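Beneath this line is the structure, given in structure tokens, with notes to follow.
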């Protein structure tokens, strides 16, 4: 867990700062966002320069409920750095290009087609069956999950599910209120400190507890059943809009059930049982006139098989 004390940054915090600075050049951060990092928080809570942040409890509650898209992006980047410290990234250019083209096509038909830093779809090299979404549009899927899917439509259903987690800001909802409020409070204090290095270090550190809440949810605890059902329903809508077979979600869940005997980590640790998910998804499809659509499935399946084989 990341910790920031008066004595300084913990070893894990320093490592995370290094990763963040490598992910994006210091100058570009300052040009695009850092100069307004603290002042944007002050505006969110309705405070002027002469007002004490510490005396504005009502404003901080409002800020916790209305985290800006910019702040969400930087939080997500910190979460992504933690995930990449636990998983090795698959660097195959063809597979990553395919994954991102598919993911971006799906995201374009979501309720949140654009994020502050854009969507990023990352392939992790792991036999574990897993997929997860960090705030701000960072979506991860393991090579084990990719290879377990029978066709492109089933893969699309998994990615669409994760896109809805971003769209509905489920990652933010997993943060304990006291941790989010403390983070925003400290970010407001950074308004007068615009040197790139110190701001990045402090911003990373104050997000620490909030980052850990999200990481724990993605890797250990999982979202609540209701949030997972909401992501399934949203995935059906995205699949229907994009022309993928909405019922490929059921097919993906069937495949995951069959894989449970040999691989019961990752997805199985952080997602509710598939039986009720299937029932809920089918009921939602019926209520919203979402019908099976097999048109183009075979063509997309051949494309999927070609891409997966080229990456092996």
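Here are the numbers for the structure shown:
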{"item": "Euclidean distance of C-alpha centroids, the range 98-116 and the range 137-159, integer Å", "result": "14 Å"}
{"item": "For 244, 74, 229, order by how many other beta-carbon atoms lie within 10 Å, fewest first", "result": "229, 74, 244"}
{"item": "Stretchable slack from residue 259 to residue 303, in nm (0.36 nm times residue separation minus alpha-carbon distance)", "result": "13.5 nm"}
{"item": "Estimated FRET transfer efficiency (residue 105, residue 216; beta-carbon r; R0 25 Å; 0.05)", "result": "0.20"}
{"item": "Using a Förster distance of 25 Å, the FRET efficiency for residue 88-residue 116 (Cβ separation, nearest 0.05)", "result": "0.40"}
{"item": "At R0 = 30 Å, FRET efficiency that the Cβ-Cβ distance of residue 278 and residue 68 yields, to 0.05", "result": "0.25"}
{"item": "Orientation-averaged projected area, Cα convex hull of the range 81-185 (nm²)", "result": "7.1 nm²"}
{"item": "For peptides 131-141, 284-294, sequence by mean Cβ density within 10 Å, most packed first", "result": "131-141, 284-294"}
{"item": "Residue exposure sequence - 168, 301 - by fewest surrounding Cβ within 10 Å", "result": "301, 168"}
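Each reported figure results from applying straightforward, stated rules to the coordinates on display, with no laboratory input. Predicted model, so just to flag it, every value in this text is computed and none were measured. Note that each Cβ is placed from the backbone with ideal geometry, even for glycine, and that neighbours are counted across all protein chains shown.
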